[in-house]
Each structure stands twice: as structure tokens, then as C-alpha cells.
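See structure below.
The values are calculated or read from the model by the stated rules, or taken from the named source; none is laboratory data. Here the structure is a predicted model, which means the values were calculated and not measured. Cβ placement follows ideal geometry from the backbone for every residue including glycine, while neighbour counts extend to all protein chains displayed. Note: areas computed on protein heavy atoms with side chains; ligands, DNA, RNA excluded. Shrake-Rupley method; radii C 1.70, N 1.55, O 1.52, S 1.80 Å.
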Amino acid sequence: MTITEKFRPYPKYKDSGVEYLGKVPEHWGVKKIKHNTYVKGRIGWQGLKSEEFIDEGPYLVTGTDFVNGHVNWDSCYHVAKDRYDQDPYIQLREKDLLITKDGTIGKTAIVFDMPDKACLNSGIFLTRPIKPEYISKYMYWLLNSAVFINFIDYMKTGTTINHLYQNVFVEFAYHIPEINEQLQIAQFLDNETSRIDNLIEKKNRQIELLQEKRSALITHVVTKGLNPNVKMKDSGVEWIGEIPEGWEVKRLRYVFKNMDHRRVPLSAEERSYMEKKYPYYGASGVIDTVDNYLFDEPLLLVAEDGANLLSRSSPLAFIAEGKYWVNNHAHILKPKLGSIKFWEGVMQCYDYTPLISGAAQPKLTAEKLSNIFVPLPEKNEQIQIAQFLEKETSKIDTLISKIQFSIDKLTEFRTALISAAVTGKIDVRNWKKEAAS
């Protein structure tokens, strides 16, 4: 069921007179930010330096402190009182609406429960109504709708905007019903998006549990095998624990051939050409001097960049197949012994975090990687384990894909619902009565 099938439209519409707005309900008006809104931003940093950030005093709000439409006061920096007093135009009040103008343009938060005085960094606009024509929560939903995205895209025509300039922002034209109707729309969206968000959260938790189950299955099988009745022995390696009696434990350098020596950074022109022709992994490529830039055999890739290792949600180790090229932040491993599919499972379940070193650019070095101890069953058993894992993990992956598809659909519906409500495509004035009936 579509949104317009689930919710009825208004009885009559009229042309808004604004290209990116289209039609509006007949009794609604159209305004621009400059008509009724106070908009201010910090003019540069006025010499403010990071060493001036302190543990107490007035709060300094940045875009990174925006969480689910609110300011996370616990994550904010603090500045001295004289820095706060320096610019009264950006001193915050309750119910101020904040919007980022640099980086991720259009991220929003409403100021609630301000624990002390607060001001802004240079990447945010402070907005508040200067006429009693709208409530901040209605404007919040407008700025989180396709209406504002369409405005940004409309103003981008022929330019590249990486910054929301104030003279551009104040030209934002939007639909505006009377205050009581705005309140109804805001309450409707608070209620409906909360319900959708709760569903999404539950589904994300389902995915997390399935991913944990997947990881636990891989770890168990590649270290314990498939036979629950086999006699076990101590491996002598903490992360492996007990292994079947017939297995060995070896350092990784005896099991893999490291092919990192074939990595040579590509020029920008070469990389641009290669990106159009073949899949690659990462930000910059390597030249395979033997095979004309390309690898054409299955190889195991393990991320080298420490930041990626710590934050990446996808596997840290995976098999690259077909014709491809590899970034210079991945270790390239070719198995000397056994099944590459088995080794993919082993390398996916290892915790690399303790091996990462380097303050400026933390990374997993080839030397530390080569000294990892890994379990080594016979080749036939490796193949059996790999086949079992392929079958069982594919079942889990299918479930994860179905849940993710459902999340994507809910997210799309949420986005469409917000836009439909704030543009008057649907009439939600009686939503409470309809919900109760």
C-alpha cells in the first residue's frame, strides 16, 4: 500500500508558484526563510584554537554532537566564558533549530534541556522564528524532507556546493499551514517515525544477532572441525584454544606466500583508467608488473589500514576473484597449503586489533601478520569445512539480506512519509482520531 492509498489527500490544491514545490493545499501559504527566521552562524573561528577547548564552562556545539535530532551535550566541547560572550548572535536558546552548513549539509537538531550556556562552531547555522508563523519542530521536519533536498539540488544547478551559504539558505521557500495544523503534522511525524524507527532498530538487532551467529559458527568450525566426537588437544595458542588431535598449528608465513611486493602505487591517470575497466579494492591501486596491472587468480586480501580494521563492518579478510586490482592498504596472500575458502574463514575470525601499531597512521604490518598462529587441518578436511561453511553461511546471509531489504523499504517509506506530510500530499489533521478508531 502506498502512502497516498493509506492517507487521504486534501480536498483542493493550488499552484505554489515555486518550481521545486509544485502544488500545495489550497489554504496553505508559501514563505521563505528570510521572511520569518533569524539565521546566524559563527563568522570564522575568530582565532579560536583547539587547545582552548576545556572540560567545563559554556558548551560549544558541533555537527558531530547531533544525535537523532537533539544535541548530545555529553559529547560537546566547552570554551571559556569570554569566548561565549564574544558573539551574542550565536548564543543558543531552548527550541533553537540548528542546521549544519559544512560537511554533511542539512543535518539538524533542536536545542532541548540545555544544561548551561552554549554557542556554536563555524559549521552550523542557528535558526529561530522571528514571527509566530511556524514552530521549530515543523521546520525540523521540513529540513529533513525531500523539499529541502530538492531546494539544495535546485540551487546547485551549474555549481558545486560543498557549503550552505547563508544567502542561499534564506531563499529556501517552503509550504506553511497555520500553527495548529503544523503542530498536528509534527505530532503525526513524531509518532509515525518513532514507530518506524523502533521497527528498524529491532530489525537491525536481528541482523547483529545473525552476524554474531555467523562469526561464532565460522570460529568454531575452523578451530574445532566438523566432528563433535573427535579427540581434542591444547593448541598452545590462546585465540585458537583446543583443536582436533590430528591438526597442527603454524605461523601464517608458513601457510601463505605474501605478495605485497607486487604493489606499486598507480598515478591518478592510470587509476582513473583502471577504475572504469576492472573492480578494485580501496582508494588507490597497485601495479601488477607481471600481469599488466591486474591480478587474475583467487587471492586472500587482508586490510592493512588500522582505522579500517577497527571500524569496518564487512569482513576484514576476503577472497578476490576474477580480474581485479588491489589497493596499497591490503595485504595480498596466496595459500601454500590447502583450501583458500577455508583460509578465508580463519582470517575472518581473527582479532587483529592488538597487532595494530602506529599513532599517526595505525596499520597491521606484514611482519606482524606473518607471525599469527593459525590452525592447520589436512587439505581434505579443509575442503569439507569450507563446503560446510559456504552452505551454512549462505543461509544466514540470505536471512540478513531479507531483513536488510525490509529495513531499506521502511527507510524509504519513512522518507516518503515525511515529505508527503510537510508538503500536504496527505491530510493528517485527524490522525489521532483515526488511530484511535
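Quick notes
- Any chance residue 365 is within 25 Å of the chain's Cα centre (by Cα) and of a type outside the set (D, E, K, R): no
- In this entry, residue 251 passes the filter for residues that are modelled with pLDDT of 95 or more and either open to solvent by 40 Å² or more (accessible area, probe 1.4 Å) or farther than 28 Å from residue 371 by Cα (or both).
- Residue check for residue 134: open to solvent by less than 80 Å² (accessible area, probe 1.4 Å), more than 24 Å from residue 62 (Cβ to Cβ) and assigned to a strand (DSSP E or B): no
Each row is one residue, and each column tells you yes or no for (1) open to solvent by 50 Å² or more (accessible area, probe 1.4 Å); (2) over 22 Å from residue 139 (Cβ atoms); (3) in contact with a His (Cβ under 6 Å, 6 or more places away or on another chain).
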site	(1), (2), (3)
384	yes, yes, no
392	no, yes, no
395	yes, yes, no
408	yes, yes, no
415	yes, no, no
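- Counting only residues that are open to solvent by less than 40 Å² (accessible area, probe 1.4 Å) and not small (Gly, Ala, Ser), the stretch 351-371 holds 6 of them.
- Near pairs, Cβ below 7 angstrom, 6+ apart or cross-chain, from the stretch 405-420 (within 12 Å of residue 192 (Cα to Cα)) to any residue that is open to solvent by 50 Å² or more (accessible area, probe 1.4 Å): 410/199; 418/144
- Here residue 222 meets each of (1) of a type in the set (Val, Ile, Thr); (2) modelled with pLDDT of 95 or more; (3) open to solvent by less than 30 Å² (accessible area, probe 1.4 Å); (4) within 30 Å of residue 420 (Cα to Cα) with one exception, condition (4).
- Restricting attention to the stretch 316-355, the residues being within 24 Å of residue 385 (Cα to Cα) and either acidic (Asp, Glu) or in a helix (DSSP H, G or I) (or both) number 11.
- For first residues located in the stretch 55-70 and within 17 Å of residue 140 (Cα to Cα) and open to solvent by less than 20 Å² (accessible area, probe 1.4 Å), partners that are outside any strand (DSSP E or B) and among the hydrophobic types (A, V, I, L, M, F, W, C) and lie 6+ apart or on another chain with Cβ distances below 6 Å form the pairs 65/76.
- Single match in 400, 418, 407 (criterion: part of a helix (DSSP H, G or I), among the β-branched types (Val, Ile, Thr) and under 30 Å from residue 178 (Cβ atoms)): 418
- Among the residues making up the stretch 176-205, those that are more than 21 Å from residue 432 (Cβ to Cβ) and within 18 Å of the chain's Cα centre (by Cα) are 200, 201, 202, 203, 204, 205.
- Candidate set from the stretch 49-81 (those that are out of contact with any strand residue (DSSP E or B) (no Cβ under 6 Å at 6 or more places or on another chain) and among the β-branched types (Val, Ile, Thr)); member that is farthest from residue 122 (Cα to Cα): 67
- Subset of the stretch 1-29 (residues that are at negative phi, part of a loop (DSSP other than H, G, I, E, B) and open to solvent by less than 90 Å² (accessible area, probe 1.4 Å)): 2, 7, 9, 10, 16, 18, 20, 21, 28
- If the condition is being open to solvent by 60 Å² or more (accessible area, probe 1.4 Å) and part of a helix (DSSP H, G or I), then the stretch 155-178 contributes 155, 156, 166, 167.
- Any chance residue 18 is closer than 21 Å to residue 139 by Cα, touching a strand residue (DSSP E or B) at 6+ places or on another chain (Cβ under 6 Å) and β-branched (Val, Ile, Thr): yes
- Set 124, 152: member being closer than 25 Å to residue 72 by Cα, modelled with pLDDT under 95 and open to solvent by less than 30 Å² (accessible area, probe 1.4 Å): 124
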